[in-house]
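Let me begin by presenting the structure, written as structure tokens, before commenting on it.
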């Protein structure tokens with residue numbers, strides 16, 4: 001079995017069995033040992049994996065918001081800071097609209113940063129981190145980081161690191177990654193910041 005097919009099989013299992021541990025995955029999919037380790041690494045790199053606990057208590061789930069949904073939004077935008085839809089902090093399933101497309105929390109952050117850099121190709125990483133998307137908006141991680149730093153930010157990926165998610169700045173040399181540790185709570189200051197300081201509107205999908 002190839003890594004690709006094994007990854008697909010494990011991913012399908014985890015979508016239906018959130019919070020499963022490694023023994024449960026192996027029992028259900030017949031994928032274990034080095035093969036399962038490679039699958040987990042791949043899912044981490046793609047930003048699809050949610051990991052809770054450590055060691056034998058480690059539970060794995062699939063992050064349903066890992067990829068942006070690009071369904072055009074047919075409704076008028078509503079200020080995102082008015083959002084009330086959340087069952088518990090960080091677990092809101094609310095979708096957002098930005099530039100006519102629909103996103104979950106993490107992909108929204110990525111889309112906004114990509115858009116800004118595209119519209120402002122001369123911006124530097126220093127300007128992004130200090131003024132445009134200041135690190136204070138996402139404590140511990142920051143909104144953006146150079147790819148090398150992002151790849152080595154602890155044992156688990158904390159940034160979107162797929163090739164199509166990495167952003168190259170206008171100098172054609174600097175590559176940056178966007179944080180994927182987005183919760184309902186830490187998204188709110190970001191939304192207020194981009195509306196007040198960058199004039200970018202984000203609405204709620206209905």
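Below, the figures for the structure above:
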item: Using a Förster distance of 45 Å, the FRET efficiency for residue 201-residue 166 (Cβ separation, nearest 0.05); result: 0.95
item: By average C-beta atoms within 10 angstrom, highest first, the peptides 32-41, 100-109, 169-178; result: 100-109, 169-178, 32-41
item: Whole-number percent relative contact order across the range 80-204, with pairs defined as alpha carbons under 8 Å at least 6 apart; result: 33 percent
item: All Cα pairs of the range 80-204, percent lying beyond 19 Å; result: 45 percent
item: Stretch gain in nm, segment residue 44-residue 58, where the contour uses 0.36 nm per residue and the Cα spacing is subtracted; result: 3.6 nm
item: Extension gain (nm, one decimal) between residue 30 and residue 174, 0.36 nm per residue minus Cα-Cα; result: 47.6 nm
item: Chain lengthening between residue 139 and residue 119 when straightened (0.36 nm per residue, less Cα-Cα); result: 4.6 nm
item: Prolate/oblate/rounded call for the range 3-62, Cα gyration tensor, a/c under 1.5 rounded; result: rounded
item: Part-to-part distance (alpha-carbon centres) for the range 4-37 and the range 127-206, which is given in Å; result: 30 Å
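Since every read-out is calculated from the coordinates, none of them should be taken as a lab result. Here the structure is a predicted model, which means the values were calculated and not measured. Glycine also receives a Cβ, built like all others from the backbone with ideal geometry; neighbour counts cover every protein chain displayed.
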